[in-house]
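> Please find one structure pasted underneath; my questions will follow.
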Amino acid sequence: MGSAALTERRRPLPVLDVRSLPGPETIERRVLANGVVALARENFSSPSVILSGSLAVGALGEPRPRAGLADLTASALMRGTVSRPFERIYETIESLGASLSIGAGTHSTSFRGKSLAEDLPVLLDLINEVLRYPTFPKAQVDRLRAEKLTSLTIRDQDTGSVSQLAFDELLYQDHPYALPSDGYRETVSELTEADVQAFHRRAFGPRDMLVAVVGAVRATEALDAVEAVLGNWRNADQPQPVGLPPVPGLSGIVRRDQVLPGKSQSDLVIGSVGPGRFDPDYLVAALANSILGRFGLMGRLGDVVREDAGLAYSVASSLTGGPGPGPWLVMAGVAPGNVDRALDLIRTEIGRFVKGGVTPQELSDNQANFIGRLPLQMESNEGVAGALVNMERFRLGLDYYQRYPGLVASVTREQIRDTSRRFLDPDLMAIAVAGPGAAGG
Amino acid sequence: MSTGVLRTRLRNGLEVRLKEIHTAPLISAWVWYRVGSRNERPGITGASHLVEHMQFKGTPKFPAGLLDKAISRDGGYWNAMTWLDWTAYFETMPAGSIDLGLRLEADRMVHSLFKAEEFESERTVVISERQGSENEPTFRLAEEVQATAFRVHPYHHEVIGHMADLETVTRDDLVQHYRSHYVPNNAVLAIAGDFRTGPMLARIRDLFGAIPPGRKARETAIPAEPEQRGEKRVVVEGPGETPFLDIGYHVPAATSDDFFLLSVLDSALAGASSLNLFGGGISNKTSRLYRAMVGGEVAASVGGGLAATIDPYMYSIQATVRSDRTPEQALQAYDDEIARLLDHPVSADEVAKAIKQARALFAYGSESITNQAFWLGYSEMFADYAWFETYLDRIAVITPEQVHAVAVKYLAPANRVVGIYRPNGERGLD
């Protein structure tokens with residue numbers, strides 16, 4: 001008991017009943033003739049249902065002067081359709097206590113709806129209607145654009161967002177990942193309903209669309225319902241996915257400081273290009289990232305920057321893990337006078353990490369965490385829907401979460417060391433800081 | 001006794017609530033202490049939140065740094081939160097591992113170390129947390145609105161405390177705060193999940209039963225806020241280009257009948273708010289204020305918030321004013337809509353919609369065992385679990401006339417504080 005039990009070493013990894021996790025026996029999957037992949041899993045423990053999915057259309061390929069077009073289009077889909085104006089769309093959703101939202105990222109446009117199970121047909125009708133038959137009324141697009149511009153104005157005053165934007169520009173330079181998918185004030189202000197209309201007509205289509213239904217609905221009935229509404233969607237002109245250019249390399253430390261007068265705290269981002277989700281070493285990198293800046297109270301970085309030095313309320317590392325090589329970065333919020341000290345501590349710790357590697361205890365703790373947290377991640381319908389979309393999108397196989405404990409357990413310290421060295425070098429990093437400047441707020 | 005919920009009290013005064021749920025192999029355990037910023041006096045504002053931080057700094061049995069690793073190792077999720085009326089700690093873990101969480105909670109109810117060097121390091125962490133909040137114009141505005149609304153009652157100050165107090169509060173102040181409020185007879189232990197009630201209760205008696213009761217945390221008389229006589233206004237100036245509005249009305253405590261009527265009014269006016277900690281909310285685009293202010297093109301967003309509290313607190317409306325509009329234009333649109341509401345009471349359809357929304361939000365919340373355990377304890381902080389269990393039934397019988405009556409009663413200008421954030425227009429520089 002007590003500390004004895006806590007310091008006990010080399011406990012065995014948790015063993016899960018893998019049949020309780022989503023797998024081929026409990027997931028229904030159907031590929032429609034038009035390329036839509038539909039997935040469903042039942043859960044009758046609460047009377048609700050989740051509808052979640054994505055389309056293969058995003059901000060990728062937007063030239064800088066058009067940045068924000070995919071985002072504005074996704075948001076404008078629900079502003080009116082051939083059979084329902086804006087107010088009726090939302091009256092339909094909100095009077096049921098349901099929700100439905102659509103947003104665009106770099107690679108895809110995602111949607112997520114939630115309702116009582118009895119209202120799933122309404123949700124499906126609506127998503128079909130807004131994706132295929134939006135009208136983009138001028139007055140609505142004008143209003144939406146003004147709302148977006150207000151959000152961008154707030155973003156440009158937010159130290160966390162400003163440091164993140166600067167970091168992406170420094171690290172990715174001419175690569176599309178340098179551009180924010182919500183665009184810039186000067187680009188969004190120029191986008192019109194005609195732009196949105198044209199983008200929708202050209203780029204939206206069913207090929208590679210994913211739809212997951214999870215909740216208190218029979219899985220085969222859910223798939224029948226998806227097929228009934230989306231099965232006849234065709235777009236012969238749907239463009240092929242845009243390829244990614246190679247990412248530029250860094251030749252040393254690059255740093256940018258943005259001054260936001262009147263702020264009390266500075267936010268910093270430091271990091272480099274990490275592996276994409278298709279990289280064979282992705283899971284290894286995810287474990288390394290957990291040890292570095294997540295596990296417990298933010299991993300090793302939390303110990304050094306928060307616990308020992310008391311420098312920050314939060315410091316954490318993250319790995320994006322999208323289809324392409326997203327960043328592997330560390331973020332922290334610190335007092336303006338402590339920025340350089342925090343950066344030194346972070347770089348020193350990254351250096352120790354790639355040089356010295358991880359201990360057997362660290363690896364085993366993090367493996368246990370990755371395996372043990374699965375039931376909690378799969379507790380809600382959202383969690384399961386996210387897992388279904390993940391497995392399909394990244395071609396992991398429907399038995400991925402059942403194989404996952406084995407995959408995690410097989411990762412070695414050597415793999416962690418080699419993969420960390422492949423991606424992290426404390427002398428080759430982009431650094432962006434946003435705050436009141438050295439003088440403080 | 002509520003269906004499926006065991007309610008009992010140990011001899012030392014610890015209240016226990018247990019609810020078996022066997023849908024997933026998880027257990028969520030919460031300890032709730034009846035102490036929050038409401039129990040602080042000038043000079044030690046923020047003490048409850050600082051104590052919460054120090055509760056993660058170790059006991060002789062569970063040294064700092066090992067705990068978070070031990071919980072994470074088992075795939076668990078833990079956290080803590082401090083609010084106006086309470087401080088809560090929870091662990092949600094695979095069912096077989098919950099004993100670690102229970103041992104930890106029993107131990108830190110009495111044995112937290114409050115090491116001097118840990119305290120100094122944590123002081124700077126909390127100051128950093130406050131500075132992070134200060135970066136948000138909406139925090140600065142809400143803090144001033146709250147301080148203006150409460151002149152006498154300790155709801156006057158933000159939970160995180162004044163910066164001056166964070167800089168000067170001493171370790172002894174915190175230890176005293178801890179000793180006087182962290183006693184079993186001032187706490188509720190609420191557990192939901194995949195366990196059997198009998199053995200779980202026996203284990204709780206083993207772990208918590210021997211902790212001596214404290215001298216009943218002397219409820220130093222908390223002064224009632226005198227009635228506000230006339231509208232108050234407060235203006236905050238600061239960086240940025242976006243104005244914000246924050247309008248607060250004095251409203252009664254959660255146990256008042258009017259609280260339920262206000263929650264329906266809130267749904268019609270600003271959209272249904274989810275009281276759940278987990279489970280998500282719904283949009284508010286058919287609410288009256290969205291139509292008037294966002295549809296009316298003066299605001300980019302608007303929302304309302306009603307909080308369940310022990311003492312009368314605030315119903316607040318927050319709006320992000322469009323960058324091309326002034327706060328005065330937004331306030332005018334707001335006032336016009338309130339005048340319309342008072343002239344044309346909410347319809348039966350609006351009330352029916354609010355009821356359906358509440359049902360849906362409750363269903364969403366029931367998916368998560370953590371959220372179910374949360375309600376088991378949270379409801380006890382300001383009422384009891386029956387408040388939660390009967391919530392939908394009480395909402396279901398509400399009539400439009402009743403909603404109109406509370407609108408007239410509480411949405412009067414004399415009962416409100418109008419807060420305006422006026423940006424000074426500075427943009428960032430490279």
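> Is it the case that some residue within segment A:285-308 is surrounded by fewer than 20 Cβ atoms within 10 Å (Cβ to Cβ) and either modelled with pLDDT of 95 or more or assigned to a strand (DSSP E or B) (or both)?
No, because not a single residue in segment A:285-308 is surrounded by fewer than 20 Cβ atoms within 10 Å (Cβ to Cβ) and either modelled with pLDDT of 95 or more or assigned to a strand (DSSP E or B) (or both).
> Failed condition for B:Ala414, given (1) modelled with pLDDT under 95; (2) more than 12 Å from chain A (Cβ to nearest Cβ), with all others met?
With respect to (1) modelled with pLDDT under 95; (2) more than 12 Å from chain A (Cβ to nearest Cβ), B:Ala414 is out only on (1).
> Any residue in segment B:133-149 that is farther than 20 Å from A:Val334 by Cβ sitting within a Cβ distance under 9 Å of a residue that is part of a helix (DSSP H, G or I) and aromatic (Phe, Trp, Tyr)? List the pairs, counting only those 6 or more apart or interchain.
Between residues of segment B:133-149 that are farther than 20 Å from A:Val334 by Cβ and residues that are part of a helix (DSSP H, G or I) and aromatic (Phe, Trp, Tyr), the close pairs are B:Gln146/B:Tyr155; B:Ala149/B:Tyr155.
> Going residue by residue through segment B:338-355, is there one that turns out to be buried (at least 23 other Cβ atoms within 10 Å of the Cβ), of a type in the set (S, T, N, Q) and either at pLDDT below 95 or in a loop (DSSP other than H, G, I, E, B) (or both)?
No; the residues of segment B:338-355 include none that is buried (at least 23 other Cβ atoms within 10 Å of the Cβ), of a type in the set (S, T, N, Q) and either at pLDDT below 95 or in a loop (DSSP other than H, G, I, E, B) (or both).
> Which residue out of A:Leu191, A:Leu179, A:Leu170 is closer than 30 Å to A:Ser272 by Cα and surrounded by 22 or more Cβ atoms within 10 Å (Cβ to Cβ)?
Only one candidate qualifies: A:Leu179.
> Among B:Ala224, B:Ala192, which is out of contact with any Gly (no Cβ under 9 Å at 6 or more places or on another chain) and surrounded by 20 or more Cβ atoms within 10 Å (Cβ to Cβ)?
B:Ala192
> Related question: Kindly list, by first and then second residue, each pair from a residue in segment B:10-39 that is within 21 Å of B:Arg103 (Cβ to Cβ) to a residue that is of a type in the set (Asp, Glu) and modelled with pLDDT under 95, limited to pairs with Cβ atoms under 8 Å and residues at least 6 apart or on different chains.
Short answer, once both residue conditions are applied: B:Pro25/A:Asp17; B:Leu26/A:Glu379.
> Can you tell me which residue in segment B:290-325 is surrounded by the fewest Cβ atoms within 10 Å (Cβ to Cβ), limited to those that are in contact (Cβ under 8 Å) with a residue 24 or more places away in the chain and β-branched (Val, Ile, Thr)?
Per the stated criteria, the residue is B:Ile310.
> Hey, another quick one. Taking B:Gly271, is it over 21 Å from B:Gly365 (Cβ atoms), within 12 Å of another protein chain (Cβ to nearest Cβ) and small (Gly, Ala, Ser)?
no
> So, of the residues in segment A:297-311 that are in contact with a Leu (Cβ under 8 Å, 6 or more places away or on another chain) and in contact (Cβ under 8 Å) with a residue 12 or more places away in the chain, which turns out to be nearest to A:Ala335 (Cα to Cα)?
In this case the residue turns out to be A:Leu311.
> Please pick out the residue among B:Asp99, B:Asp85 that is in contact with a helix residue (DSSP H, G or I) (Cβ under 9 Å, 6 or more places away or on another chain) and under 27 Å from B:Pro25 (Cβ atoms).
That would be B:Asp99, the only listed residue that is in contact with a helix residue (DSSP H, G or I) (Cβ under 9 Å, 6 or more places away or on another chain) and under 27 Å from B:Pro25 (Cβ atoms).
> Separate question: What's the number of the only condition in (1) within 8 Å of another protein chain (Cβ to nearest Cβ); (2) assigned to a loop (DSSP other than H, G, I, E, B) that A:Val242 fails to meet?
(1)
> Check off (1) at pLDDT 95 or above; (2) not in a loop (DSSP other than H, G, I, E, B) for B:Asn371 and give me the number that stays unchecked.
Just one mismatch for B:Asn371, condition (1).
> Here is a follow-up. Hey, can you tell me all the residues within segment B:103-127 that are touching a strand residue (DSSP E or B) at 6+ places or on another chain (Cβ under 6 Å) and either closer than 30 Å to A:Val408 by Cβ or at the interface with chain A (Cβ under 10 Å from one of its Cβ atoms) (or both)?
B:Glu105, B:Val125
> Just to verify a result, which residue in segment A:338-375, among those that are charged (D, E, K, R) and within 14 Å of another protein chain (Cβ to nearest Cβ), is surrounded by the most Cβ atoms within 10 Å (Cβ to Cβ)?
Residue satisfying both the conditions and the ranking: A:Asp365.
> Still on this structure: Look through segment B:353-374, keep the residues that are small (Gly, Ala, Ser) and touching a helix residue (DSSP H, G or I) at 6+ places or on another chain (Cβ under 8 Å), and return whichever of them is nearest to the other protein chains (Cβ to nearest Cβ).
The qualifying residue nearest to the other protein chains (Cβ to nearest Cβ) is B:Ser366.
The values are calculated or read from the model by the stated rules, or taken from the named source; none is laboratory data. The structure presented is a predicted model; accordingly, all values stated were derived computationally and were not measured. As a convention, Cβ positions derive from the backbone with ideal geometry for all residues, glycine included, and neighbour counts pool all protein chains shown.
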